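S.K.: Following this message is one structure expressed as structure tokens.
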Amino acid sequence: MSTPTDNPWPALRVADWEPTRDTLHMWTQIVGKIRLAHSPLVNHWWQVTFYVSPRGLTTSSIPYRNRLFDMEFDFVDHVLAIRTSDGGSGSVALAS
């Protein structure tokens, strides 16, 4: 049986990271709306979910005209990375 002193997880008080939470929420809303506008509808809105990646959160491939693109919240480099199926890429700094 574990005791409270055995818990290696730090306390995560909302007040300590509220600005980060609010900014991340804003960014995920924006990317989610882009994905919603360009992805075919799937039951229960499954087409707008984010997936955990080695660097943060990512979309799956999103169709746009004759190619695909994806977007990844890169929490290591603090950018929103955007990649296209024809080799293009770009990024936007994650900031409030």
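S.K.: Which ³J(HN,Hα) values in Hz, rounded to whole numbers, follow from the phi angles of the range 79-88 under the Karplus curve 6.51 cos²θ - 1.76 cosθ + 1.60, where θ = phi - 60° and Gly and Pro get x?
M.R.: So the Karplus estimates, Gly and Pro as x, are 9, 9, 8, 10, 10, 10, 5, 9, x, x Hz.
S.K.: Let me ask you something else. Say we join alpha carbon atoms closer than 10 Å with springs in a Gaussian network model of the chain; which of L24, L41, L12 then has the biggest fluctuation?
M.R.: Most flexible of the set in this elastic network: L12.
S.K.: Given the rule -39500 (n - 2.57) for each run of at least 4 DSSP H residues, summed and divided by the residues of the chain, what is its mean residue ellipticity at 222 nm, to the nearest 500 deg cm²/dmol? Don't jump to the answer; show the numbers that get you there.
M.R.: Details: 1 runs with 25 residues, N = 96.
Dividing the helical sum by the residues of the chain leaves -9000 deg cm²/dmol.
S.K.: What is the order of T20, T58, fewest Cβ neighbours within 10 Å to most?
M.R.: By the 10 Å Cβ count, ascending: T20, T58.
S.K.: So for the chain, averaging the separation of alpha carbon pairs under 8 Å that are six or more residues apart and normalising by length, what relative contact order in percent results?
M.R.: Relative contact order comes out at 15 percent.
S.K.: Apply the Karplus curve 6.51 cos²θ - 1.76 cosθ + 1.60, θ = phi - 60°, to the phi angles in the range 36-43 and return the couplings in whole Hz, x for Gly and Pro.
M.R.: These are the phi-based 3J(HN,Hα) values: 4, 5, 10, 9, x, 5, 10, 3 Hz.
S.K.: Amide H neighbours of G56 under 5 Å, counting only residues 5+ apart in sequence or on other chains, H built in-plane at 1.01 Å?
M.R.: F75
S.K.: If a/c stays under 1.5 just call it rounded; otherwise compare a/b with b/c (prolate if a/b is bigger, oblate if not). Do that for the chain, with a ≥ b ≥ c from the square roots of the Cα gyration tensor eigenvalues. Don't jump to the answer; show the numbers that get you there.
M.R.: On the way: a/c = 2.27, a/b = 1.92, b/c = 1.18.
Because a/c hits 1.5 or more and a/b exceeds b/c, the chain counts as prolate.
S.K.: Sequence-distant or interchain residues sharing an amide H contact under 5 Å with Y64, placed H: which?
M.R.: F69
S.K.: Quote to one decimal, in nm, the extra length available between D16 and S85 on full extension: 0.36 nm per residue of separation minus the C-alpha distance between them.
M.R.: Details: separation 69, 0.36 × 69 = 24.84 nm, distance 3.90 nm.
Full extension of this stretch gives 20.9 nm more.
Every read-out reported here was derived from the displayed coordinates using simple, explicitly stated rules and does not represent laboratory data. These figures come from a predicted structure and were not determined experimentally. Every residue, glycine among them, receives a Cβ derived from its backbone with ideal geometry; neighbour counts consider all protein chains shown.
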